[in-house]
2 protein chains.
Amino acid sequence: MPKKSTDDASRLTGTQSIERALLLLREIAAHNRSGSRLLDLATRTHLQRPTVHRMLKCLTHEGMVQQDADSHRYYLGSMAFELGLTAAPRFNLREICHPAMVRIAEATGDTVFLTQRSGPDAVCIDRHEGTFPIKTFTLDIGMRRPLGVGTGSLAIVAALPDDEIQNIFNSNQTRFEEYGVSGPSLLTQAHKAQKLGYSMREAPTLAGVRSVGHSIRNQSGTAFAALSVSSISSRMTEKRVTEIAVLLKNEVRLIEKQLINAM
Amino acid sequence: MPKKSTDDASRLTGTQSIERALLLLREIAAHNRSGSRLLDLATRTHLQRPTVHRMLKCLTHEGMVQQDADSHRYYLGSMAFELGLTAAPRFNLREICHPAMVRIAEATGDTVFLTQRSGPDAVCIDRHEGTFPIKTFTLDIGMRRPLGVGTGSLAIVAALPDDEIQNIFNSNQTRFEEYGVSGPSLLTQAHKAQKLGYSMREAPTLAGVRSVGHSIRNQSGTAFAALSVSSISSRMTEKRVTEIAVLLKNEVRLIEKQLINAM
DNA sequence: CAATATCCGTCCATTTTACGGACTAATTGA
DNA sequence: TCAATTAGTCCGTAAAATGGACGGATATTG
């Protein structure tokens, strides 16, 4: 039954199963603290259970995925970790941004996050905590969520051309629900962020947390990462939000200069 | 033409292309500093060029692989890095071993390596340098080589049952050549290491470097990792080798105790 | 503690997907 | 400028992957 996959436009041919395997890996990565059950993976990826099972068996065999013997839940495996170690030297965004994150954390006292775009997702690749005693750890390092969900993520989206924003929101539509946010509202928020030059919002899942984000662009001008600062809402007055936005903007300017030399 | 793949016994079915894709990823990882050309990848993986190309196109599209625009060479991509970050919290061997590595580096003055088995390969997952001014950086973090090539690697092999050693050496045979070592000689060295309880050898590729290694076993008693110490041969007298071996053995004992609690 | 609902894992006939031989384009290098 | 090497593409064919259906394990409920 040709379900006429209404997926993305960018159709590659002759690689269906690899695409599916990577889709699975991303989905497992997106829930790596709690682990994923076979059925949930099948549902979330829109694949048939037998297909998912067969692929997971292979991925497990090769070490990309691990299955907990008791719970049967799937997690990323040691090979994923090792490939990451190997790839790391070529991805020095973390190192480049580290001093800036320290400075921002010191200046604000709040927690700073570094987020990087990964296709239809955004991944938190670093975090630095400030001194203020109430900490808001809205993101763990390595956490993967649909593009547009976090505040840093929103800043990345807002910096993209309008038609691409639409594309992303269309393809992530169903995934947004899982994170308790609606597509249309995200679009409004993205437009607001475009006007302001930075993103700001209340965490939808965690009441009382407010964040400010600013995108980072590469040499060719496309936003591929973002810095964001998170704090309890009571500290995030309107005045303070704009102050932090300026702080972020300046630090990002420095980072972007370094990117030109480094990459 | 049914080439009757004389591969490994553990035949999975319905996952050929995923297996091949992962084989490619491992092969790219094994040469990630210099990058890999399409043809070399095809040769090393024993796959057809069109197949490799098609798969690389997909992997590149998904961010697992990156292609340098000028040289056309392939490297691991940002998604590999990100998956690694996500997987990291569940692989704390590094953290557990870190204090031991510091102590060993201080005691010996030489460079200490932590190696982990990954199927038919071994991957260097950590390194700590001693104070002695002549340093022997025989391994970079993330470096992947066929199991049996390095000294830590050799210690892991030596701790396996004899038939498995044979299997590994058979399937890695051709890959050994690339690293300038011969299978049979490795077998002798493995047997020697079994008698001694630790592995020791002169680096085959880099004259004047001698290393000592000791395997680390998990709860179920199988060797899955190793600590090793590397130094210039003039420092590695026979007496000193045995001293370092004792030092390693004691540290490994402590690590193995922690593994029981941690994992 | 049956009975029942879920979910995991496997089988196998069918068909779509991926394979790879052959060709073209791009790049190197002599 | 021309040969040699490598990258990338096409497409008919065969084999690999798909997924509906079933058996078995584990959790849940009455």
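Applying the Karplus relation 6.51 cos²θ - 1.76 cosθ + 1.60 with θ = phi - 60° to region B:89-103 yields 3J(HN,Hα) values of x, 8, 10, 8, 3, 4, 4, 4, 7, 3, x, 4, 5, 4, 4 Hz, where x marks Gly and Pro. Taking every C-alpha pair closer than 8 Å and separated by at least 6 residues, the mean separation divided by the residue count of region A:91-262 gives a relative contact order of 23 percent. For the protein assembly as shown, the fraction of C-alpha pairs farther apart than 37 angstrom is 35 percent.
Taking B:Ser231, B:Ser215, B:Ser78 in turn, the Gaussian network model of chain B (Cα-Cα springs below 10 Å) assigns the largest fluctuation to B:Ser78. Length gained on full extension, A:Ile232 to A:Thr13, computed as 0.36 nm times the residue gap minus the Cα-Cα distance: 74.1 nm.
Axis-proximal residue of chain A for the rotation onto chain B, reported as residue and distance in whole Å: A:Gly84, 1, based on Cβ position. Among B:Arg90, B:Arg127, B:Arg26, the residue with the largest mean-square fluctuation in a Gaussian network model of chain B, with springs joining Cα atoms closer than 10 Å, is B:Arg90.
With no solvent and one equal point scatterer per Cα, compute the Debye intensity ratio I(q)/I(0) for chain B at 0.09, 0.10, 0.11 Å⁻¹ and report its log10, rounded to two decimals. The Debye formula, applied to the Cα set alone, gives -0.43, -0.54, -0.65. A Cβ-based charge dipole, computed about the Cα centre of region A:91-262 with Lys and Arg at +1 and Asp and Glu at -1, lands at about 300 debye.
Amide hydrogen proximity for A:Leu147: with H placed 1.01 Å from N in the peptide plane, the residues at 5 or more positions away or on another chain lying under 5 Å are A:Asp121, A:Ala122. For region B:178-195 versus region A:137-213, the spacing of their alpha-carbon centroids is 55 Å.
Under a 5 Å amide H cut-off, with hydrogens placed 1.01 Å from N, B:Thr136 pairs with B:Thr111 among residues at least 5 apart or on other chains.
Counting only aspartates and glutamates at least 8 places from A:Lys249 when in the same chain, those with an alpha carbon closer than 17 Å to its own are A:Glu106, A:Asp110, A:Glu238. Applying a threshold of 29 Å to the alpha-carbon distances of A:Lys135/A:Lys257; A:Lys57/B:Lys257; A:Lys57/B:Lys195; A:Lys192/A:Lys239 flags A:Lys135/A:Lys257; A:Lys57/B:Lys257; A:Lys57/B:Lys195 as lying beyond it.
Accessible surface buried at the A:B interface totals approximately 4500 Å², computed with a 1.4 Å probe on protein heavy atoms. Taking all Cα pairs closer than 8 Å and separated by 6 or more residues, the relative contact order of region B:16-85 comes to 30 percent. Rolling a 1.4 angstrom probe over the protein assembly as shown with all protein chains present gives an accessible area of which 54% lies on carbon and sulfur atoms. Each residue of region B:14-23 is assigned a 3J(HN,Hα), and the resulting list reads x, 9, 3, 5, 5, 4, 5, 4, 5, 4 Hz, derived from the Karplus form 6.51 cos²θ - 1.76 cosθ + 1.60 (θ = phi - 60°), x at Gly and Pro.
Ordering B:239-247, B:220-228, A:113-121 by mean Cβ neighbour count within 10 Å, with the highest value first, yields A:113-121, B:220-228, B:239-247. Note on region A:162-263: with charges restricted to the Cβ of Lys and Arg (+1) and Asp and Glu (-1), its dipole about the Cα centre is near 420 debye. Please work out the C-alpha center-to-center distance from region B:104-131 to region A:228-251 and express it in whole Å. After rounding, the separation between the Cα centres reads 43 Å. Heavy-atom accessible surface of the protein assembly as shown, averaged per residue, reaches 47 Å², computed with a 1.4 Å probe. Multiplying the residue separation of A:His98 and A:Tyr179 by 0.36 nm and subtracting their alpha-carbon distance yields 26.3 nm.
Per residue of chain A, the DSSP helices (runs of n ≥ 4 H) give a summed -39500 (n - 2.57) that works out to -15500 deg cm²/dmol at 222 nm. With the simple spin-label model, which puts each label point 7 Å out from Cα in the Cβ direction, the A:Asp140 to A:Arg37 separation comes to 2.0 nm.
What shape does region A:140-256 have by the C-alpha gyration tensor, where a ≥ b ≥ c are the square roots of the eigenvalues, rounded means a/c under 1.5, and otherwise prolate means a/b greater than b/c and oblate the rest? In terms of gyration-tensor shape, oblate. Each other copy places its own label point for A:Leu196 at 6.4 nm from this one, sorted shortest first, where the point lies 7 Å along the Cα-to-beta carbon line. Could you work out the local net charge near B:Leu254, counting Lys and Arg as +1, Asp and Glu as -1, over the other residues with Cβ closer than 15 Å to its Cβ? Local net charge: +2. Using a 1.4 Å probe on the heavy atoms of the protein chains only, list every residue of region B:62-110 that has 50 Å² or more less accessible area in the complete assembly than in its chain alone. Residues of region B:62-110 that lose at least 50 Å² of accessible area once the other chains are added: B:Glu62, B:Leu76, B:Met79, B:Phe81, B:Glu82, B:Leu83, B:Leu85, B:Thr86, B:Arg90, B:Phe91.
Given axes a ≥ b ≥ c from the Cα gyration tensor, I'd like to know whether region B:60-172 is rounded (a/c under 1.5), prolate (a/b larger than b/c) or oblate. It is oblate, given that a/c is not under 1.5 and a/b is not larger than b/c. Close amide-amide hydrogen proximity is noted between B:Ile125 and B:Leu114, B:Thr115, B:Gln116, B:Gly142, each under 5 Å apart and 5 or more residues distant or on a separate chain (H modeled in the peptide plane; Pro and chain starts excluded).
The values are calculated or read from the model by the stated rules, or taken from the named source; none is laboratory data. Just so it is clear, the structure is predicted and the values come from calculations on it, not from any experiment. Here the Cβ is made from the backbone with ideal geometry for all residues, glycine too, and neighbour counts use every protein chain on show. Heads up: the accessible areas ignore ligands, DNA and RNA and are worked out on the full protein's heavy atoms, side chains in. Shrake-Rupley method; radii C 1.70, N 1.55, O 1.52, S 1.80 Å.
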